[in-house]
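Below is one structure, written out as structure tokens; the observations come after it.
The values are calculated or read from the model by the stated rules, or taken from the named source; none is laboratory data. Values in this document were obtained by computation on a predicted structure and should not be read as measured data. Backbone-built Cβ (ideal geometry, glycine too); neighbour counts: all protein chains shown.
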Amino acid sequence: MAPIVVTRGLHFAYGDIVALSGVDLEVPEGRIGLVGANGAGKTTLLRILLGILPAAQGRVEVLGNPVPERTLAVRSLVGYMPEGQCLPPDQTASDFLIYAAELGGLPLRAARQRASDVLTIVGLHEERFRPMGGFSTGMQQRAKLAQAIVHDPRLVMLDEPTAGLDPEGREEMLDLITRLDDFGINAIVSSHVLPDIERTCSWVVMLDGGKVLRSGPLTELSSAENVRLEVLDDHDRVAAALAAAGAEVTADGAGLLVALEGGDPFALVRDVLADTGAGIRRMGPRRTTLEDVYLAEGEGAGHA
């Protein structure tokens, strides 16, 4: 399958502040997580992909269309959910969605039906005739998602879609994002909340200081290959025995984190416990999270 986004040598700066530096990407179809701290360059990258900002240097393609040469073609195939407040407060959700659908090229009758269908999908059917100025934060976020998908795009770009949501609203939004597959819509989800990306995405692009730290499948970035072990006694003796057997052993709170290159750490821990006779309080897999990877990559790149 052709990549949905390609960039080569992408640069952008706001005056003396470099936002993107030498960004090379090739992103496949699916749900893509764009992660990084605030100021990492995520929103700038999305705006360049949409043709809102002109790249200072480099090549950009979205769904096979070069930007900015074919920006209108890109916008006809892409939906965008911005982070900030952008909804007209005096307009009803229904009128707003109809207008957005017409902007996407649908005739009025089809736009009305599509607006009704999409508002139902995002859970705003009962509120569709209410002015959006009275919407809660969660309802506003769902309305913004609705306008991004009302014209049935091939790709939707979501900038901090769970910003400001309470736990229930966050879960509802994440469920909606995972359902985009059902409608054949690819998604780029920009967020600094890494558990949201782990929940919704299959591919991850990590940005830090305007540079790409990693880009690849989530399964290659996070894993469950480590063991976390808490022993009743002989803590130092067990750690030494594990290290002597070739494991990488680090302190993790009251326990030990055990990793083994090219082997089964559970089997090694079992054998060492049998040899030392040490008792254990608990033992289980210790999953490597996106946060672990991001922090490790950032330190390797010389960032705090």
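Within segment 78-95, count every residue that is of a type outside the set (Ser, Thr, Tyr) and either within 21 Å of Ile177 (Cα to Cα) or not assigned by TED's automatic domain parsing to the domain that holds Thr43 (or both).
We begin by selecting, within segment 78-95, every residue of a type outside the set (Ser, Thr, Tyr); these are 78-79, 81-91, 93, 95.
Among the residues that remain, those that are also either within 21 Å of Ile177 (Cα to Cα) or not assigned by TED's automatic domain parsing to the domain that holds Thr43 (or both) are: 78-79, 81-87, 93.
Going through segment 78-95 one residue at a time, the tally reaches 10.
Conditions (1) within 21 Å of Val189 (Cβ to Cβ); (2) touching a Cys at 6+ places or on another chain (Cβ under 6 Å); (3) at pLDDT below 95, marked per residue:
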position: Glu61; (1), (2), (3): yes, no, no
position: Ser76; (1), (2), (3): no, no, yes
position: Leu119; (1), (2), (3): no, no, no
position: Phe129; (1), (2), (3): no, no, no
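Residue pairs whose Cβ atoms lie under 6 Å apart, separated by 6 or more positions or on different chains, with the first residue in segment 192-213 and in contact (Cβ under 8 Å) with a residue 24 or more places away in the chain and under 18 Å from Gly39 (Cβ atoms) and the second among the hydrophobic types (A, V, I, L, M, F, W, C) and part of a loop (DSSP other than H, G, I, E, B), are His192/Ala37; Leu207/Ala40; Asp208/Ala40.
Go through the residues of segment 160-177 one by one and say whether even a single one is in contact with a His (Cβ under 8 Å, 6 or more places away or on another chain), under 23 Å from Lys42 (Cβ atoms), assigned by TED's automatic domain parsing to the domain that holds Arg47 and surrounded by 15 or more Cβ atoms within 10 Å (Cβ to Cβ). Working first, answer last.
If we filter segment 160-177 for residues that are in contact with a His (Cβ under 8 Å, 6 or more places away or on another chain), which is where we start, we get 160.
So of that shortlist, the ones also under 23 Å from Lys42 (Cβ atoms) come out as 160.
Checking which are assigned by TED's automatic domain parsing to the domain that holds Arg47 leaves us with 160.
Checking the rest, the ones that are also surrounded by 15 or more Cβ atoms within 10 Å (Cβ to Cβ) come to 160.
Yes, some residue in segment 160-177 is in contact with a His (Cβ under 8 Å, 6 or more places away or on another chain), under 23 Å from Lys42 (Cβ atoms), assigned by TED's automatic domain parsing to the domain that holds Arg47 and surrounded by 15 or more Cβ atoms within 10 Å (Cβ to Cβ).
When segment 49-92 is filtered for residues that are assigned to a helix (DSSP H, G or I), surrounded by 15 or more Cβ atoms within 10 Å (Cβ to Cβ) and aliphatic (A, V, I, L, M), the ones remaining, listed by number, are Leu49, Ala73, Val74, Leu77.
Before we move on, is Pro131 crowded, with 20+ Cβ neighbours inside 10 Å and out of contact with any Leu (no Cβ under 6 Å at 6 or more places or on another chain)? Criteria not met by Pro131.
Taking first residues from segment 78-105 that are of a type in the set (S, T, N, Q) and partners that are modelled with pLDDT of 95 or more and part of a strand (DSSP E or B), the Cβ contacts under 7 Å between residues at least 6 apart in sequence or on separate chains come to Gln91/Pro131; Thr92/Pro131.
Would you confirm, using the coordinates I've provided, whether Pro68 is without any contact (Cβ under 8 Å) to a residue 24 or more places away in the chain and assigned by TED's automatic domain parsing to the domain that holds Val212? Spell out how you get there, then give the answer.
Working: without any contact (Cβ under 8 Å) to a residue 24 or more places away in the chain: yes; assigned by TED's automatic domain parsing to the domain that holds Val212: yes.
In short, yes.
Taking the conditions exactly as written (at negative phi, assigned to a strand (DSSP E or B) and assigned by TED's automatic domain parsing to the domain that holds Gly79), does Ala40 satisfy them or not? Against the criterion (at negative phi, assigned to a strand (DSSP E or B) and assigned by TED's automatic domain parsing to the domain that holds Gly79), Ala40 does not qualify. Check whether at least one residue in segment 4-26 is among the hydroxyl-bearing types (Ser, Thr, Tyr) and assigned to a helix (DSSP H, G or I), and report yes or no. Within segment 4-26, not a single residue is among the hydroxyl-bearing types (Ser, Thr, Tyr) and assigned to a helix (DSSP H, G or I).
Considering only segment 208-225, I want to know if a residue exists there that is at pLDDT below 90, over 30 Å from Leu46 (Cβ atoms) and of a type outside the set (Phe, Trp, Tyr). Yes; the residues of segment 208-225 include at least one that is at pLDDT below 90, over 30 Å from Leu46 (Cβ atoms) and of a type outside the set (Phe, Trp, Tyr). For segment 108-128, filtering for residues that are surrounded by fewer than 18 Cβ atoms within 10 Å (Cβ to Cβ) and either over 19 Å from Phe183 (Cα atoms) or in contact with a Pro (Cβ under 8 Å, 6 or more places away or on another chain) (or both) leaves 3. Among all positions in segment 97-107, there is at least one residue which is exposed (fewer than 15 other Cβ atoms within 10 Å of the Cβ) and aliphatic (A, V, I, L, M). When segment 183-207 is filtered for residues that are more than 14 Å from the chain's Cα centre (by Cα) and either of a type in the set (Ser, Thr, Tyr) or more than 11 Å from Gly30 (Cα to Cα) (or both), only Phe183 remains.
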